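The values are calculated or read from the model by the stated rules, or taken from the named source; none is laboratory data. None of the values given here were measured: they were computed from a predicted structure. Note that we place each Cβ from the backbone using ideal geometry, even for glycine, and neighbour counts take in every protein chain shown.
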Amino acid sequence: MKEYTYKFEMHSHTNWCSACGNSSPEEMAAAYWDAGYAGMVITDHFLSGNSAVDRSLPWEDKMRAYWRAYEAAKAWAQGKGFTVLFGVEHLYGNGKEVLTYGIGLDFLLAHPDLHKYSLKDYCAAVHEAGGFLSHAHPFRRAAYIKDGVEPQNEDMDAVEVFNFYNEDEENRLAVELAREAGKLTTSGGDEHIQDGDAIGKAGVVFAECPKDNKRLVELLRAGDYMLNVKGRVVPRNG
Ligand SMILES: [Zn+2]
Ligand SMILES: [Zn+2]
């Protein structure tokens, strides 16, 4: 029987690229490493969301800014046996966001104005590049999210059924959505600060550490993982 022991954060922010971020890429990586995680995906807010990247820059410079945050965390992790992977959290409309995994700088450079794509086109482009999509906190209620708009998760692979900073009821509705739509599930801390409470209490748990985006997506697609929910490792369909 496989043992699921490799904790992986699937939703995290840095102050280099997220306006709401409080800690640097290196500080965030150090925090997860200290907490015993095997790795993390940095999912800074993309350009139509709460980005800290200067929107007046040319496309290539903006994309390189996102990539630099990832590279800084990765450089910090070098030689420590800690894996840092690249992702983004894209706001597709009405305050609703999608966590995007398995893409890299080449993909971003090849898709100028990606943040302006229709959701359908965005999902298709990510999938064509071998990526994986999970609807972030689909039922979160907050001032920046338009009330009463249903999540449009048809073209996504998964639903973030546990978001550490969501209310239990918001997460419960997300579990229902995943079940009804027959989607995979993810868990994320959505952490924005190095000493935040989510560290240790969210993310997915693998039986091996995915060392690159390709393996990450393979393990996600295969459903070969469990979820970290409030610090407990539970089945992904539990
Ligand atoms: Zn944020
Ligand atoms: Zn987030």
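When Phe86, Phe46 are checked against the criterion of being within 16 Å of ligand 1 (Cβ to nearest atom), within 25 Å of Leu114 (Cβ to Cβ) and of a type in the set (Phe, Trp, Tyr), Phe46 stands alone in meeting it. Residues in region 175-194 that are in a strand (DSSP E or B), under 18 Å from Leu133 (Cβ atoms) and either within 16 Å of ligand 1 (Cβ to nearest atom) or of a type in the set (Asp, Glu) (or both): Gly188 only.
Among the residues in region 167-185, are any closer than 27 Å to Gly93 by Cα and hydroxyl-bearing (Ser, Thr, Tyr)? Within region 167-185, one or more residues are closer than 27 Å to Gly93 by Cα and hydroxyl-bearing (Ser, Thr, Tyr). Contact annotation: no residue pair with Cβ atoms under 9 Å, 6 or more positions apart or on different chains, pairs a residue in region 33-47 that is more than 23 Å from Cys20 (Cα to Cα) with a partner that is within 16 Å of ligand 1 (Cβ to nearest atom) and hydroxyl-bearing (Ser, Thr, Tyr). Entry remark, region 199-224: residues being farther than 17 Å from Pro235 by Cα, touching a residue at least 40 places away in the same chain (Cβ under 8 Å) and either charged (D, E, K, R) or within 16 Å of ligand 1 (Cβ to nearest atom) (or both) number 4 in total. Does region 224-236 contain any residue that is assigned to a helix (DSSP H, G or I) and either farther than 23 Å from His127 by Cβ or touching a strand residue (DSSP E or B) at 6+ places or on another chain (Cβ under 8 Å) (or both)? No: region 224-236 contains no residue that is assigned to a helix (DSSP H, G or I) and either farther than 23 Å from His127 by Cβ or touching a strand residue (DSSP E or B) at 6+ places or on another chain (Cβ under 8 Å) (or both).
Restricting to region 225-238, and then to whatever is in contact (Cβ under 8 Å) with a residue 12 or more places away in the chain and hydrophobic (A, V, I, L, M, F, W, C), can you tell me which residue is surrounded by the fewest Cβ atoms within 10 Å (Cβ to Cβ)? Full working, then the answer.
At the first step, the residues of region 225-238 found to be in contact (Cβ under 8 Å) with a residue 12 or more places away in the chain are 225-231, 233, 236-237.
Checking the rest, the ones that are also hydrophobic (A, V, I, L, M, F, W, C) come to 226-227, 229, 233.
Working: Met226: 22, Leu227: 23, Val229: 17, Val233: 15.
Looking at residues that are in contact (Cβ under 8 Å) with a residue 12 or more places away in the chain and hydrophobic (A, V, I, L, M, F, W, C), I get Val233.
Residue by residue, here is whether (1) hydroxyl-bearing (Ser, Thr, Tyr); (2) modelled with pLDDT of 95 or more; (3) buried (at least 18 other Cβ atoms within 10 Å of the Cβ); (4) more than 27 Å from Asn22 (Cα to Cα) holds:
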site	(1), (2), (3), (4)
Trp59	no, yes, no, no
Ala75	no, yes, no, no
Thr83	yes, yes, yes, no
Pro112	no, yes, no, yes
Lys120	no, yes, no, yes
Gly131	no, yes, yes, yes
Tyr144	yes, no, no, no
Val149	no, no, no, yes
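Within region 89-118, the set of residues being in a helix (DSSP H, G or I) and of a type outside the set (A, V, I, L, M) comprises Asp106, Phe107, His115, Lys116.
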